[in-house]
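Peer 1: Take a look at the following structure, please.
The values are calculated or read from the model by the stated rules, or taken from the named source; none is laboratory data. These numbers come from a predicted model, not from an experiment. As a convention, Cβ positions derive from the backbone with ideal geometry for all residues, glycine included, and neighbour counts pool all protein chains shown.
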Amino acid sequence: MRRDMREANPPMKPSADVVAREVGAQTVLVHLGTNRIFSLNETAGRAWELMGQGMSREEMRAELLGRYAVEPAQLDDELDNLLAGLEKEGFLVRA
């Protein structure tokens, strides 16, 4: 069962051990401590950028809904899965 990232939790931020680079329409993340690599599509890359700006999950949600043609429920699922996966792999840390 996936964790709902909308629950009251401390905000997350990109780990200092992660380097991000845009490669074409994708954002590539490299965790320097583990050598793990994530490749993010345009929407997920924008979410990563917003996290780096210190936005909360709800602020990111509002920005992404305004920018992309996506159903709110689909965005919620995809955003929660993205955040949970990046946190699990150490790309995001609790602020």
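Peer 1: State all residues of segment 28-50 that are assigned to a helix (DSSP H, G or I) and of a type outside the set (A, V, I, L, M, F, W, C); if no residue qualifies, say none. Working first, answer last.
Peer 2: The initial filter retains those residues of segment 28-50 that are assigned to a helix (DSSP H, G or I), namely 42-50.
Selection gives Glu42, Thr43, Gly45, Arg46, Glu49.
Peer 1: So, in segment 46-74, exactly how many residues are buried (at least 16 other Cβ atoms within 10 Å of the Cβ) and within 12 Å of the chain's Cα centre (by Cα)?
Peer 2: Going through segment 46-74 one residue at a time, the tally reaches 11.
Peer 1: Just name the residue that is modelled with the lowest pLDDT out of those in segment 75-95 that are more than 11 Å from the chain's Cα centre (by Cα) and small (Gly, Ala, Ser).
Peer 2: Only one residue tops the list, namely Ala95.
Peer 1: State which residue is farthest from Val19 (Cα to Cα) when the search covers only segment 41-76 and only residues that are acidic (Asp, Glu) and free of Cβ contacts under 8 Å to residues at least 12 places away in the same chain.
Peer 2: Looking at residues that are acidic (Asp, Glu) and free of Cβ contacts under 8 Å to residues at least 12 places away in the same chain, I get Glu71.
Peer 1: Further question: Could you please give the count of residues in segment 28-81 that are of a type in the set (Ser, Thr, Tyr) and farther than 21 Å from Arg94 by Cβ?
Peer 2: The first filter runs over segment 28-81 and keeps only residues of a type in the set (Ser, Thr, Tyr), leaving 34, 39, 43, 56, 68.
Filter once more, keeping what is farther than 21 Å from Arg94 by Cβ: 39, 43, 68.
So the answer is 3.
Peer 1: Considering segment 29-43 alone, what residues qualify as being within 16 Å of Glu87 (Cα to Cα) and in contact with an Asp or Glu (Cβ under 8 Å, 6 or more places away or on another chain)?
Peer 2: Just the residues of segment 29-43 that are within 16 Å of Glu87 (Cα to Cα), to begin with: 29-40.
Hits for segment 29-43 are His31, Leu32, Gly33, Thr34, Arg36, Phe38.
Peer 1: Filter segment 86-95 down to residues that are touching a residue at least 12 places away in the same chain (Cβ under 8 Å) and surrounded by fewer than 17 Cβ atoms within 10 Å (Cβ to Cβ) and give me whichever is farthest from Lys13 (Cα to Cα). Full working, then the answer.
Peer 2: Going residue by residue through segment 86-95, those that are touching a residue at least 12 places away in the same chain (Cβ under 8 Å) are 86-87, 89-95.
Still in the list and also surrounded by fewer than 17 Cβ atoms within 10 Å (Cβ to Cβ): 89-90, 93-95.
Numbers: Glu89: 13, Gly90: 11, Val93: 6, Arg94: 6, Ala95: 6 Å.
Looking at residues that are touching a residue at least 12 places away in the same chain (Cβ under 8 Å) and surrounded by fewer than 17 Cβ atoms within 10 Å (Cβ to Cβ), I get Glu89.
Peer 1: Do you know which residues across segment 35-67 are at pLDDT below 95 and among the hydroxyl-bearing types (Ser, Thr, Tyr)?
Peer 2: Thr43, Ser56
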